[in-house]
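One structure is given below, encoded as structure tokens.
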Amino acid sequence: GKIVIRFMQVSDSGVNATTINYCLHIAATKFVEQACEQIANSENLIPAFSFGTVIAGIWQQNALFGELFLGQLYRRCPYLVPAYWSRAKGEGNNQYLKRLGYSEYDGKIEEREKFLKKMEGCVKMYGAVITAVPPYQGKALPYGISNGWVWLSRLLNMEPVPDITATVLHAFLVTTSHAMFTKYGIQFLKLVEMAHRVYLPKLEEISDNYGPVTRLKLFLEKCVKDWTFPRPEGVISEHLIPV
């Protein structure tokens, strides 16, 4: 059957701007919470692409929502900037870890594996948004796949950090590589080959947790061997709302 989604549209109905902006802020926050929870704990990419399409559609209709969404996503996952924050002088351990994206529950910082899964969910949501087919036909995405190219290029030019770099890089490539290859062709192939040949050894050298690096290595080796990037499950490949 056909999927029909009614996206958020802001109309002049007598509601003041402060109320509208507050609603947009809440919506952006709730979406990012789903990245940290539902997408992070999903065994497939279907939730990521479902949320990504809805977010892209709202963003097409309202630029402020997009800014708020990105801001919330960067706050939860600074590696999407991309940035590796250094500890400020006099900054406590918990305060620093929270700035890196960790959550605190009853005075205790969450376990590292939970943190890594949460960052993975954020990156998958980001990847699904930038590669979404514009839900509103005839209207371009305000924040599209070119931003993914910029992010990937910047990340590969930064010195890696144990665990987190391999985690976010794998999450990004799993979500976006099919769309990136479709868009950029041989240039993307060269970037993936460089990641495998030059960047992966750096990650292996500094890693103290081989899970994230192993997942990335297996993915890159398959890409380099076959030069294929399968279309991920859950991709919504048609416009949902005609002109």
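The values are calculated or read from the model by the stated rules, or taken from the named source; none is laboratory data. It should be emphasised that the depicted structure is a prediction, and the values quoted were computed from it without experimental measurement. As a convention, Cβ positions derive from the backbone with ideal geometry for all residues, glycine included, and neighbour counts pool all protein chains shown. These area figures cover heavy atoms from the full protein model, side chains too; ligands, DNA and RNA do not enter into them. Shrake-Rupley method; radii C 1.70, N 1.55, O 1.52, S 1.80 Å.
Using only Cα atoms, locate the centre of the stretch 28-83 and the centre of the stretch 115-161, then give the distance between them in Å, rounded to an integer. Value for the Cα centre distance between the two parts: 10 Å. Per residue of the chain, the DSSP helices (runs of n ≥ 4 H) give a summed -39500 (n - 2.57) that works out to -18500 deg cm²/dmol at 222 nm. Would any residue of the stretch 32-57 have its amide N under 13 Å from a label point 7 Å out along Cα→Cβ of residue 108? List them or say none. Backbone N within reach: none found.
Peptide packing for 105-113, 92-100 was compared via the average number of neighbouring C-beta atoms within 10 Å per residue; ordered from the highest value, the list is 92-100, 105-113. Full extension of the chain between residue 238 and residue 29 gives 72.6 nm of extra length, using 0.36 nm per residue less the Cα-Cα distance. Enclosing the Cα atoms of the chain in their convex hull gives a volume equal to 148 cubic angstrom per residue.
Ligands, DNA and RNA left out, the accessible area of the stretch 97-235 computed with a 1.4 Å probe is 55% carbon and sulfur.
Model label points for residue 94 and residue 146, set 7 angstrom from Cα along the Cα-to-Cβ axis, are 4.5 nm apart.
The three principal axes of the C-alpha atoms in the stretch 53-162 carry coordinate ranges of 51, 34, 25 Å, sorted with the longest axis first. Debye-formula intensities of the stretch 147-243, expressed as log10 I(q)/I(0) at q = 0.11, 0.14 Å⁻¹, are -0.33, -0.52 (one equal scatterer per alpha-carbon, no solvent).
Taking a 31 Å limit on the Cα-Cα distance, which of the listed pairs 139/222; 30/225; 98/124; 114/202 fall beyond it?
Among 139/222; 30/225; 98/124; 114/202, the Cα-Cα distance tops 31 Å for 139/222; 30/225.
As a rough guide to protection, the peptides 159-168, 116-125 ranked by mean Cβ packing within 10 Å, highest first, stand as 116-125, 159-168. Dipole size of the chain about its Cα centre, with +1 on Lys/Arg Cβ and -1 on Asp/Glu Cβ: approximately 340 debye, rounded to the nearest 20. Within the listed set 127, 185, 66, the residue fluctuating most in the Gaussian network model of the chain (springs between alpha-carbon atoms under 10 angstrom) is 185.
Under the convention that each Lys and Arg Cβ holds +1 and each Asp and Glu Cβ holds -1, the size of the dipole of the stretch 152-215 around its Cα centre is about 360 debye. Give a quick list of chymotrypsin sites (Phe, Trp or Tyr not before Pro) in the stretch 147-243 that DSSP marks as loop, anything other than H, G, I, E or B, with at most 15 other Cβ atoms within 10 Å. Counting only loop positions with at most 15 other Cβ atoms within 10 Å, the chymotrypsin sites (Phe, Trp or Tyr not before Pro) in the stretch 147-243 are 227. Solvent exposure of the chain amounts to 52 Å² per residue of accessible area, where only protein heavy atoms count and the probe is 1.4 Å.
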